There are 2 protein chains.
Amino acid sequence: MTPEEFRRAGHELVDWIADFRATLEERPVMARTAPGDVARAFPKTPPESPQPVGEIFRALDTAIVPGITHFGHPRFFGFFPTGGSLSSILGDFASTGLGALGLTWQAAPALTELEEVTTDWVRQMVGLSDAWRGVIQDTASTATLVALVCARERTSNFAVTREGLQGGGSPLVVYASGQSHSSVLKAALVAGFGRTYVREIATDASHAMHPQALDRAMREDHARGWTPCAVVATSGSTTCTAFDPIGAIADICGEHGAWLHVDAAMAGSAMVLEECRPLWAGVERADSIVLNPHKWLGAIFDCSLYLVRDPEHLVRVMSTNPAYLQPSGSSGTGAGAVTTYRDWGIALGRRFRALKLWTLIHIDGVEAIRARIRRDLDHARWLAGVVADAPGWRVVAPVPLQTVCVRHEPPGVEGEALDAHTRAWCDRVNASGIAYLTAAVLDGRWMVRVAMGAPTTERRHVEETWRAMQDAVA
Amino acid sequence: MTPEEFRRAGHELVDWIADFRATLEERPVMARTAPGDVARAFPKTPPESPQPVGEIFRALDTAIVPGITHFGHPRFFGFFPTGGSLSSILGDFASTGLGALGLTWQAAPALTELEEVTTDWVRQMVGLSDAWRGVIQDTASTATLVALVCARERTSNFAVTREGLQGGGSPLVVYASGQSHSSVLKAALVAGFGRTYVREIATDASHAMHPQALDRAMREDHARGWTPCAVVATSGSTTCTAFDPIGAIADICGEHGAWLHVDAAMAGSAMVLEECRPLWAGVERADSIVLNPHKWLGAIFDCSLYLVRDPEHLVRVMSTNPAYLQPSGSSGTGAGAVTTYRDWGIALGRRFRALKLWTLIHIDGVEAIRARIRRDLDHARWLAGVVADAPGWRVVAPVPLQTVCVRHEPPGVEGEALDAHTRAWCDRVNASGIAYLTAAVLDGRWMVRVAMGAPTTERRHVEETWRAMQDAVA
């Protein structure tokens, strides 16, 4: 494809995307394809000769768009917000068009330095001190894996350089609440800890981790010869936005020498609002934080911010050049040194992800981002209010941010019948195409999450969704 | 940013990218910025209010483009080919514009099914049997990490469900040659093996792994109570494109029950040519393969293909829903089941990466991809020929594919003086802006790699580079 052919097709694609975004509201939110439908729309074997570019637009319209549940739809209230602002999409286009690859600082100084600039912008926006340094990872799953490997190596005094976890010493233990994200367990298992050594800590009535239960677990483990290694505290749990008490947890980690990783993947974006920051009070005492600008902040996926207080340790753990044998300074904290971001994560090659964060903040401005997040908080409060007032409906968890957990409880319907009713009306809403909600289990019972935060959601979209919910139980 | 504002800025950006690509040849290949130059071009604090979109184009021109070493430049011969065809860039734009997120099949059936279609296209293109199933990862680093975790769990009979690597049993050992990529060691360390249990196997004169040395190492380890777990065989090493003998290695793995992972990250693309396939003879007997379409095949970064023979095992290991407690079929191999790609890797959320693979193959066609790779092989043969014929110059390694390893050896210059000379002339070529080459160590001595494969490299670019190399030693 020549630059001129690309120019023509690119213009057509930009128009197609602008139209797609402008008309998104009119489309069903949920994909309606049956398994295999999409695959059947494409040839089973690759074409030998060049095929018409026009077919790409046809396939987008007929096979691909109908085969997507639209996270950017104004009535998308499923999972978590991750619509992606158009301003951010522009930056990702630039990244793809430039084709820069951050293997080393020299391979793309701009990639490295704009990442330093923009991750520091986000740090300032969420009110963290300048003790933190940031790096962009693909997802929170990867960031949490990196955090647990860093914890493992700090606790074991760099066993990675010797026998790793296979030295037969005191087993290292990871702690998280039952409300922590599935990626925490997955990261611990990938890092070799084993399920026996990943302990689930009890939660209180608000679904936040019980610090006393954590302390008790660590003492028990210590008594049986195990070593507390890391705690993952959740700031805004996936199911119901519960906030673990970071200050109290930091006290306990300090006492036992355990690494404290804060998973603020979704809710971290809310910290652009000063009024939300008490929710993660104590966060300055953590060792690492993950916060996904590709969730509520408006960056297009993928853009996960991993923040650390001790980049030297991170580089010692993750470097492929044995940095532990090198003079300090080469890791980017010494005067005049450059940052080698490949040594801050798993992947060696890196996309120019800072561009999408830069264009988001540059084009929209922080004030508008704050206003959008306040708008979502307001939507959530409004919905929680009307649900609470409606006969037969109940808000089943506190609403600290933008997720409203609801249940419709018809008289006399309980237990498994209530679960079936809950899942059925949620499915009906989703199948209607009007809105998309996610059913989840809280306190052993199914309920439905209504998670605000798509870029273009207005009050009327929340109202329409509330009507669809009421229709679905009628 | 509204869809109409996006339309305007998007058109401008497409034009900017088309112009950038069309004029890339006239720019210096290597970034010429000093540390801190790029960072200083941006404000230290994020803007409160919206900033002009026009500033983005100014910053691209003045700070970002000069701050990038251009992997897509026709005279880029560094590291490995990864320029990214414009046809592929179009697909990545579509992915970003759609904002689909592959959390589950239902979240984006099109994302899952087009990934199944296109990874199968690549499988067919490189001549692998239909026993293989593919998934797109970000990079080979991640794919190799997944492979080693799968190996760990197969050898340990799912110790992950119990004590992981902390059970104090027979230590598991990973084997790779000294020419294997740094990501192999990194993956093993992240997975908890420990450096003691990552054994470097000797290579022969062609820098390929010695099967006898591997066999001996495994027997030694077995005798001292260790357990051979995984071998990473390299098909096309980073330094000099050496090919480990996969058939002989597979025999040894079979005997010791070790997992065989084939790292064909760069060279795998060459297997679109039937005449290259003898280089990885025996590959059908591997357990897993990584092959990066974002390298030589022309897909824009990131697009790494991980191929497995036993997807059920992969899902059992990587699933966050404990799939080992679920009926088979739910992992996507049973009739009517759907594939849950989140359980095929580390990250939970997934970009719609199949789009860039689809548009690459659809728009260019397989024939053109084969012709481009043949062209690069031809360039390499030509350069190797003229270098070998030039007085004072030497080709220091076999040239099975597109990388030519050269040294200029002035009479009487040896040892460290020769190394200094080698690095100096390589630096001079790079500083000239004419071409970009990578210096590396082979057999204990520095040499310079000239790696073909940027999308638009023609013979004249290789000729100009050869002249620049001769000028640099004059």
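The values are calculated or read from the model by the stated rules, or taken from the named source; none is laboratory data. Because the structure is predicted, anything quoted here is derived from the model rather than measured. Positions of Cβ are generated from backbone atoms using ideal geometry, with glycine treated the same way; all protein chains shown enter the neighbour counts. To get the accessible areas, we keep the full protein, side chains included, count just its heavy atoms, and leave off ligands, DNA and RNA. Shrake-Rupley method; radii C 1.70, N 1.55, O 1.52, S 1.80 Å.
The single condition from (1) open to solvent by less than 60 Å² (accessible area, probe 1.4 Å); (2) under 25 Å from the mean Cα position of the chain (by Cα) that A:Glu458 fails is (1).
Residue check: is B:Gly72 within 7 Å of another protein chain (Cβ to nearest Cβ), modelled with pLDDT of 95 or more and outside any helix (DSSP H, G or I)?
Numbers: within 7 Å of another protein chain (Cβ to nearest Cβ): yes; modelled with pLDDT of 95 or more: yes; outside any helix (DSSP H, G or I): yes.
Against the criterion (within 7 Å of another protein chain (Cβ to nearest Cβ), modelled with pLDDT of 95 or more and outside any helix (DSSP H, G or I)), B:Gly72 qualifies.
Do we find that A:Ile89 is open to solvent by less than 10 Å² (accessible area, probe 1.4 Å), hydrophobic (A, V, I, L, M, F, W, C), within 28 Å of A:Thr403 (Cβ to Cβ) and at the interface with chain B (Cβ under 7 Å from one of its Cβ atoms) in this structure? Against the criterion (open to solvent by less than 10 Å² (accessible area, probe 1.4 Å), hydrophobic (A, V, I, L, M, F, W, C), within 28 Å of A:Thr403 (Cβ to Cβ) and at the interface with chain B (Cβ under 7 Å from one of its Cβ atoms)), A:Ile89 qualifies.
Find the residue count for region B:15-49, including only residues that are basic (Lys, Arg) and under 28 Å from B:Thr456 (Cα atoms).
So the answer is 3.
Okay, residues lined up against (1) among the hydrophobic types (A, V, I, L, M, F, W, C); (2) within 23 Å of the chain's Cα centre (by Cα):
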{"residue": "B:Val173", "(1), (2)": "yes, no"}
{"residue": "B:Ser180", "(1), (2)": "no, yes"}
{"residue": "B:His210", "(1), (2)": "no, no"}
{"residue": "B:Leu214", "(1), (2)": "yes, no"}
{"residue": "B:Asp221", "(1), (2)": "no, no"}
{"residue": "B:Thr234", "(1), (2)": "no, yes"}
{"residue": "B:Ile246", "(1), (2)": "yes, yes"}
{"residue": "B:Ile249", "(1), (2)": "yes, yes"}
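Here the condition is being at the interface with chain A (Cβ under 7 Å from one of its Cβ atoms), over 16 Å from A:Ala59 (Cβ atoms) and open to solvent by less than 10 Å² (accessible area, probe 1.4 Å); of B:Gly102, B:Gly97, B:Gly84, it holds for B:Gly84 alone. Screening B:Ala299 on (1) touching a residue at least 12 places away in the same chain (Cβ under 8 Å); (2) surrounded by fewer than 24 Cβ atoms within 10 Å (Cβ to Cβ) shows it passes everything except condition (2). Among the residues of region B:159-181, which ones are out of contact with any Leu (no Cβ under 7 Å at 6 or more places or on another chain), of a type in the set (S, T, N, Q) and within 10 Å of another protein chain (Cβ to nearest Cβ)? Matches in region B:159-181: B:Thr161, B:Ser170.
From A:Val146, A:Val190, grab the single residue that is in contact with a helix residue (DSSP H, G or I) (Cβ under 6 Å, 6 or more places away or on another chain) and within 14 Å of chain B (Cβ to nearest Cβ). Write out each step before concluding.
Details: A:Val146 fails: in contact with a helix residue (DSSP H, G or I) (Cβ under 6 Å, 6 or more places away or on another chain).
The conditions single out A:Val190.
Could you list, in sequence order, all residues of region B:18-31 that are assigned to a helix (DSSP H, G or I) and surrounded by 24 or more Cβ atoms within 10 Å (Cβ to Cβ)? If the condition is that a residue be assigned to a helix (DSSP H, G or I) and surrounded by 24 or more Cβ atoms within 10 Å (Cβ to Cβ), then B:Arg21 is the only one that fits. With a requirement of 3 or more residues that are more than 25 Å from the chain's Cα centre (by Cα) and surrounded by 18 or more Cβ atoms within 10 Å (Cβ to Cβ), the helices (runs of 4 or more DSSP H) lying completely within region A:339-434 that satisfy it span A:415-432.
What number of residues in region A:2-59 are among the charged types (D, E, K, R) and more than 23 Å from B:Ile89 (Cβ to Cβ)? Please lay out each step first, then the result.
Of all residues in region A:2-59, those among the charged types (D, E, K, R) come to A:4-5, A:7-8, A:12, A:15, A:19, A:21, A:25-27, A:32, A:37, A:40, A:44, A:48, A:55, A:58.
With more than 23 Å from B:Ile89 (Cβ to Cβ) added as a condition, the list becomes A:25-27, A:32, A:37, A:40, A:44.
Residues in region A:2-59 being among the charged types (D, E, K, R) and more than 23 Å from B:Ile89 (Cβ to Cβ): 7 in total.
In region A:32-63, which residue that is in contact with a Pro (Cβ under 8 Å, 6 or more places away or on another chain) and part of a helix (DSSP H, G or I) is farthest from the other protein chains (Cβ to nearest Cβ)? This residue is A:Asp37. Taking the criterion of being open to solvent by less than 10 Å² (accessible area, probe 1.4 Å) and charged (D, E, K, R), the only residue of region A:229-262 that qualifies is A:Asp244. The residues of region A:105-122 that are touching a Leu at 6+ places or on another chain (Cβ under 7 Å) and either over 24 Å from B:Phe20 (Cβ atoms) or more than 7 Å from every other protein chain (Cβ to nearest Cβ) (or both), listed by number, are A:Thr118, A:Thr119, A:Val122. Within region B:123-135, the set of residues being open to solvent by 30 Å² or more (accessible area, probe 1.4 Å), more than 10 Å from chain A (Cβ to nearest Cβ) and closer than 26 Å to B:Gly102 by Cα comprises B:Asp130, B:Ala131, B:Arg133. Scan region B:52-67 and tell me whether some residue there is open to solvent by less than 30 Å² (accessible area, probe 1.4 Å) and in contact with a Gly (Cβ under 7 Å, 6 or more places away or on another chain). Checking region B:52-67: not a single residue is open to solvent by less than 30 Å² (accessible area, probe 1.4 Å) and in contact with a Gly (Cβ under 7 Å, 6 or more places away or on another chain).
Within region A:19-31, being at the interface with chain B (Cβ under 7 Å from one of its Cβ atoms) and free of Cβ contacts under 8 Å to residues at least 40 places away in the same chain holds for A:Ala22, A:Ala31. Say whether the condition of being open to solvent by less than 20 Å² (accessible area, probe 1.4 Å), in contact with a strand residue (DSSP E or B) (Cβ under 9 Å, 6 or more places away or on another chain), in contact (Cβ under 8 Å) with a residue 24 or more places away in the chain and in a strand (DSSP E or B) is met by at least one residue in region A:136-154. So far as region A:136-154 goes, yes, one or more of its residues are open to solvent by less than 20 Å² (accessible area, probe 1.4 Å), in contact with a strand residue (DSSP E or B) (Cβ under 9 Å, 6 or more places away or on another chain), in contact (Cβ under 8 Å) with a residue 24 or more places away in the chain and in a strand (DSSP E or B). The number of residues in region A:155-181 being surrounded by fewer than 21 Cβ atoms within 10 Å (Cβ to Cβ), among the small types (Gly, Ala, Ser) and touching a residue at least 12 places away in the same chain (Cβ under 8 Å) comes to 3.
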